[in-house]
Amino acid sequence: MPFSQGRTLTRYLIEERRRFPEASGDLNALLLDVSIACKTIARIVSFGQLSDTFGPAAKPDMGGSLNVQGEVQKPLDVLTNEIFIQVSEWNGHLAGMASEEMEAPRQIGPNFKRGKYLLVFDPLDGSSNIDVNVSVGSIFSILRAPQDVIDSGRDVTAADFLQAGTRQVAAGYAIYGPATMLVLTVGNGVVGFTLNHNVGEFVLTHANIRVPEDTQEFAINSSNSRFWEPPVKRSVDECLAGQAGVRGKDFNMRWIASMVAEAHRILMRGGVFLYPRDMRDPARPGRLRLLYEANPIAFLMEQAGGGASTGRQAMLGVEPTSLHQRIGLIFGSRKEVERIERYHQDTAPVAAESPLFGSRGLFR
Ligand code: AHG
Ligand code: MN
Ligand code: MN
């Protein structure tokens with residue numbers, strides 16, 4: 001078993017910071033605390049049913065209840081949320097926090113110093129999978145607090161968090177799979193670290209993650225197909241038609257129902273993921289949440305050369321309107337995301353797919 005520490009997360013962050021001599025190190029310190037939350041959660045999750053924090057129903061003594069989305073909070077949702085808070089509220093780098101499991105932003109209490117960053121997170125993504133021992137993860141996004149918050153040290157409001165994804169300073173996820181990994185961007189590409197249990201450190205194993213531009217793999221929950229909008233239906237139908245259809249190639253399909261695991265697969269080998277806006281309920285535009293699911297994953301995808309979109313616009317350009325806003329999310333291999341965006345602009349067949357305009361067609 002490996003005992004060498006290799007290039008640890010700490011070393012990576014320090015070496016990255018040297019590129020910015022004026023940087024204070026606050027962001028690094030914050031990211032290292034987030035990584036401690038992830039290591040703690042990895043350990044808890046690894047005990048499976050041996051841990052008394054597992055279970056289908058929310059236990060009242062764990063503070064379990066319905067969260068702001070109206071979803072049942074499992075004890076682990078509550079516990080992992082607490083872990084994120086406890087490891088990062090003390091360090092003086094945060095102005096406030098927001099999470100899937102908290103209706104309102106969390107203030108930094110009077111015993112701690114307030115800082116310049118906002119931490120937004122989904123402490124346990126895919127938690128419906130926890131009972132069946134499928135990979136789950138934690139997702140985080142770091143924003144800069146508005147200047148008046150930094151200057152005054154006032155309490156944060158939900159409005160302070162309503163920043164477009166382009167303004168993220170860093171984002172990433174931890175995946176608790178056969179190996180625990182931390183995948184991160186600080187705006188200079190995407191890197192992946194694997195938890196070396198022998199030394200208790202995240203070690204750089206994936207130095208420059210790139211998403212292949214093309215793919216033959218797609219991921220969508222097709223039990224929702226009757227609610228899909230026409231451009232989504234068209235995209236999926238064309239994949240299903242395989243070699244005989246307009247795509248001229250066979251596709252494979254995956255659905256794990258754990259977005260972190262799907263994002264990780266796509267970062268490793270390409271693919272496209274869709275949890276699109278659909279026509280089931282106009283009041284619920286999509287399933288996944290913009291600030292702590294869609295935006296951090298979109299930042300990672302773009303930094304890895306992939307794409308992320310609502311179908312109608314680039315995800316990172318969306319101006320959020322509420323803290324727990326849901327949104328249609330399409331991400332992955334760049335050309336596939338662009339194709340689906342084109343289908344949203346024009347549901348009629350585009351010229352490029354017509355045999356007359358194809359690569360061997362009359363007009364080439
Ligand atoms: P969470 O566990 O944080 O509520 O998120 C679960 C999400 C996401 O991970 C996954 O892609 C999606 O829910 C699965 O939804 P379906 O059950 O509709 O397939
Ligand atoms: Mn989630
Ligand atoms: Mn969650």
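The values are calculated or read from the model by the stated rules, or taken from the named source; none is laboratory data. What you see is a predicted model, and the numbers here were worked out from it, not measured in a lab. Cβ coordinates were reconstructed from backbone atoms using ideal geometry, including for glycine residues, and neighbour counts include every protein chain displayed.
Residues that are outside any strand (DSSP E or B), of a type in the set (D, E, K, R), under 22 Å from the mean Cα position of the chain (by Cα) and more than 16 Å from ligand 3 (Cβ to nearest atom) are absent from region 220-233 altogether. The residue list VAL199, VAL246 contains one member that is at pLDDT below 95 and surrounded by fewer than 23 Cβ atoms within 10 Å (Cβ to Cβ), which is VAL199.
Over 27 Å from GLY317 (Cα atoms) and either surrounded by 15 or more Cβ atoms within 10 Å (Cβ to Cβ) or among the aliphatic types (A, V, I, L, M) (or both) - does that describe any residue in region 155-162?
The initial filter retains those residues of region 155-162 that are over 27 Å from GLY317 (Cα atoms), namely none.
So far as region 155-162 goes, no, none of its residues is over 27 Å from GLY317 (Cα atoms) and either surrounded by 15 or more Cβ atoms within 10 Å (Cβ to Cβ) or among the aliphatic types (A, V, I, L, M) (or both).
Among the residues of region 261-278, are any more than 30 Å from PRO2 (Cβ to Cβ) and in contact with a Lys or Arg (Cβ under 7 Å, 6 or more places away or on another chain)? Checking region 261-278: at least one residue is more than 30 Å from PRO2 (Cβ to Cβ) and in contact with a Lys or Arg (Cβ under 7 Å, 6 or more places away or on another chain). Among the residues of region 278-301, those identified as away from ligand 3 (no atom under 16 Å from the Cβ) and within 16 Å of ILE139 (Cα to Cα) are ALA298, PHE299, LEU300, MET301.
Within region 166-185, if we keep just the residues that are out of contact with any Ser or Thr (no Cβ under 8 Å at 6 or more places or on another chain) and buried (at least 22 other Cβ atoms within 10 Å of the Cβ), the residue that is nearest to GLY200 (Cα to Cα) turns out to be VAL183.
For region 308-364, the set of residues classified as at pLDDT 95 or above, exposed (fewer than 15 other Cβ atoms within 10 Å of the Cβ) and part of a loop (DSSP other than H, G, I, E, B) consists of ARG312, GLN313, GLU319, THR321, SER322, listed by residue number.
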